[in-house]
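S.K.: Right, I'll just put the structure down here and ask away after.
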Amino acid sequence: MSSILIKNANIVNEGSIFQGDVLIENDIIAEVSNSISAKSSDTKIIDADGQYLLPGMIDDQVHFRQPGLTHKADIETESKAAVAGGITTFIEMPNTIPQATTIELLEDKFSIAKETSWANYSFMFGGTNDNLDEILKVDPKKVAGLKLFLGSSTGNMLVDNPETIENIFSKTKLLISTHCEDEATIKKNLEEHIKEYGDDIPIEKHPVIRSEEACYLSSSKAIELAKKTGARLHVFHLSTEKETHLFNNKLPLSEKKITAEVCIHHLWFSDEDYKKKGTKIKWNPAVKTKKDREGLLKALKDDRIDVIATDHAPHTKEEKNNVYTKAPSGGPLVQHALVALMEMYHRGLISLEKIVEKTAHNPAILFQIKDRGYIRRGYKADLVLLDLQAPWTVNKENILYKCGWSPFEGQVFKSRVTHTFVNGVLAYENLKFPNRSRGERISFNR
């Protein structure tokens with residue numbers, strides 16, 4: 001039996017922070033206590049020396065680009081970057097090539113992850129205008145959920161047939177996650193801007209084209225349909241203050257039928273950053289105003305928004321450097337998400353307890369993930385140690401993404417991930433990867 005004893009950590013878990021020790025035996029948390037003594041001379045002891053120990057982040061929305069788009073990223077490279085950033089579990093999206101819209105193609109992705117992923121994993125099944133029969137074959141106990149693009153984005157998986165959408169909402173037992181932007185509104189806005197500017201539309205116009213109205217129209221329709229059909233709906237990447245009022249905090253998360261997510265980039269950037277960052281911060285939905293950013297943070301803290309994710313979606317520098325109409329939307333984030341949240345903590349914007357709740361506890365509750373997301377005896381040992389006073393600068397030399405760039409380049413972060421444990425394996429330690437972690441297919445209590 002392999003065992004690791006983490007001593008003298010500030011443990012952030014289930015709404016409190018306390019100093020204590022954690023004993024890992026094989027892949028499981030064997031004990032959490034104020035003081036634990038090593039039971040064997042073979043036990044590896046890590047003195048946290050007051051650093052902060054968190055449950056590993058569970059990222060419910062990533063695009064790792066495999067199969068078919070591996071010049072941008074792949075499951076091995078991006079899961080390794082995720083582990084370096086304190087993310088120990090991810091849920092990946094279906095808009096790859098081929099798209100994961102059949103059980104067979106979905107299982108192909110699970111097979112790739114089994115061989116290559118550093119982090120634990122599951123995948124979303126992709127809905128289309130004509131694959132309802134296949135959707136109904138998916139076992140909710142084996143797959144994270146169903147992804148519907150109700151607005152087009154990378155991969156062109158737009159589901160725009162109202163009858164089809166209602167059928168899916170009515171018949172599936174899967175958790176439905178949606179990308180909500182109204183296609184007709186975006187198309188009209190884009191055509192108007194192309195008439196004025198041609199293809200070289202100023203990037204500052206992105207949130208005008210993919211507007212607040214486009215987001216709100218689509219989100220409100222999806223919620224209305226979920227209420228009508230009783231479907232379990234999770235709305236991805238809210239980007240507007242207006243949308244936050246569509247959600248409430250009247251029920252505990254485990255009882256909610258309609259939930260929401262916000263992503264790191266919508267909590268960090270605003271439209272004022274387009275001038276400096278350009279297409280590096282071109283995402284769908286668009287980064288919008290400071291008022292929207294503040295509204296999203298407020299809704300996150302008062303529990304109208306349930307989860308923080310990354311929507312990690314890398315493209316090459318060459319692809320991003322195109323003119324507006326040809327530059328794809330999306331950017332890499334998994335390596336820097338947790339330290340960005342720590343920066344927000346340092347600025348007094350959010351507590352450590354709330355960060356852990358929204359990045360680990362709540363994704364586990366929302367997706368009914370078995371034995372992960374908490375520092376509890378008997379749970380899988382997916383853990384992250386952070387030094388909150390170890391400043392470093394993001395630069396090309398320390399970026400691990402296959403695409404080789406980050407929207408955070410030049411940013412100084414006060415906090416640093418020092419250790420990441422995946423299923424009890426110390427996979428990352430102080431800029432090195434001492435052991436090869438093998439991510440596991442996560443299971444669900446459904």
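The values are calculated or read from the model by the stated rules, or taken from the named source; none is laboratory data. Predicted model, so just to flag it, every value in this text is computed and none were measured. Neighbour counts run over all protein chains shown; Cβ positions are idealised from the backbone, glycine included. For accessibility, only protein heavy atoms count, side chains too; no ligands or nucleic acids. Shrake-Rupley method; radii C 1.70, N 1.55, O 1.52, S 1.80 Å.
S.K.: Mind checking the angle between helix 212-229 and the chain's longest principal axis? C-alpha axes, 0 to 90 degrees, to the nearest 10.
M.R.: 80
S.K.: At 1.4 Å probe size, with every protein chain present, just tell me what the per residue accessible area of region 1-153 comes to in Å².
M.R.: Per-residue accessible area for region 1-153 comes out at 36 Å².
S.K.: Ranking request for peptides 329-337, 115-123, 56-64: highest mean number of other beta-carbon atoms within 10 Å first, then the rest in descending order.
M.R.: Per-residue mean Cβ counts within 10 Å order the peptides as 56-64, 329-337, 115-123.
S.K.: Then there is this: What length, rounded to one decimal in nm, is gained on full extension from residue 435 through to residue 199, with 0.36 nm per residue of separation minus their alpha-carbon distance?
M.R.: Stretched fully, the residue 435-residue 199 segment lengthens by 80.2 nm.
S.K.: What 222 nm value per residue comes from the helices of the chain, counting each DSSP H run with n ≥ 4 as -39,500 (n - 2.57) and dividing by all residues, nearest 500 deg cm²/dmol?
M.R.: That calculation yields -7500 deg cm²/dmol at 222 nm.
S.K.: Determine, from the Cβ-Cβ distance of residue 28 and residue 253 and an R0 of 25 Å, the FRET efficiency 1/(1 + (r/R0)^6), rounded to the nearest 0.05.
M.R.: Computed FRET efficiency for residue 28 and residue 253 comes out at 0.50.
S.K.: How would you rank 181-192, 77-88, highest first, on the average number of other Cβ atoms within 10 Å across their residues?
M.R.: Ranking the peptides 181-192, 77-88 by packing returns 77-88, 181-192.
S.K.: Let me ask something else about it. List the residues, sorted by chain then number, that are 5 or more residues from residue 284 or on another chain and whose placed amide H is less than 5 Å from its amide H.
M.R.: 330
S.K.: I'd like the FRET efficiency for residue 141 and residue 398, computed as 1/(1 + (r/R0)^6) with the beta carbon distance as r and R0 of 30 Å, rounded to 0.05. The partial results should precede the final answer.
M.R.: Details: r = 39 Å, r/R0 = 1.31.
Taking R0 as 30 Å, the efficiency between residue 141 and residue 398 is 0.15.
S.K.: Antiparallel versus total DSSP beta bridges in the chain: what percent is that, nearest 5?
M.R.: Roughly 50 percent of the DSSP beta bridges within the chain come out antiparallel.
S.K.: Can you give me the Cα centroid spacing of region 408-446 and region 304-374 in angstrom?
M.R.: Answer, in whole Å: 15.
S.K.: Could you tell me how many degrees, from 0 to 90 and to the nearest 10, lie between the Cα long axis of helix 103-116 and the main elongation axis, the longest principal axis, of the Cα atoms of the chain?
M.R.: 40
S.K.: With a 10 Å radius around each residue's Cβ, average the other Cβ atoms per peptide and rank 297-308, 127-138, highest first.
M.R.: Those peptides, ordered most packed to least, come out 297-308, 127-138.
S.K.: Using a 1.4 Å probe, what is the accessible area per residue for region 389-446, in Å²?
M.R.: Here the residues of region 389-446 average 45 Å² of exposed surface.
S.K.: Tally up the carbon and sulfur contribution to the accessible surface of region 345-446 as a whole percent, 1.4 Å probe, everything protein left in place.
M.R.: Numbers: 1870 of 4080 Å².
Roughly 46 percent of what the probe reaches on region 345-446 is carbon or sulfur.
S.K.: Could you bin all the Cα-Cα distances of the chain into 20 Å bins starting at 0 and give me the percent of pairs in each, rounded to whole numbers?
M.R.: Calculated over all Cα pairs of the chain, the distribution is 27, 60, 13, 0 percent.
S.K.: Determine the gain in length on full extension of the stretch residue 409-residue 376; use 0.36 nm per residue of separation and subtract their C-alpha separation, reporting nm with one decimal.
M.R.: So the chain would gain 8.3 nm between residue 409 and residue 376.
S.K.: Specify which residue in the list 62, 284, 356 is farthest towards the positive end of the charge dipole of the chain, using unit charges on the beta carbon of Lys, Arg (+1) and Asp, Glu (-1), about the Cα centre.
M.R.: Value computed over the given set: 356.
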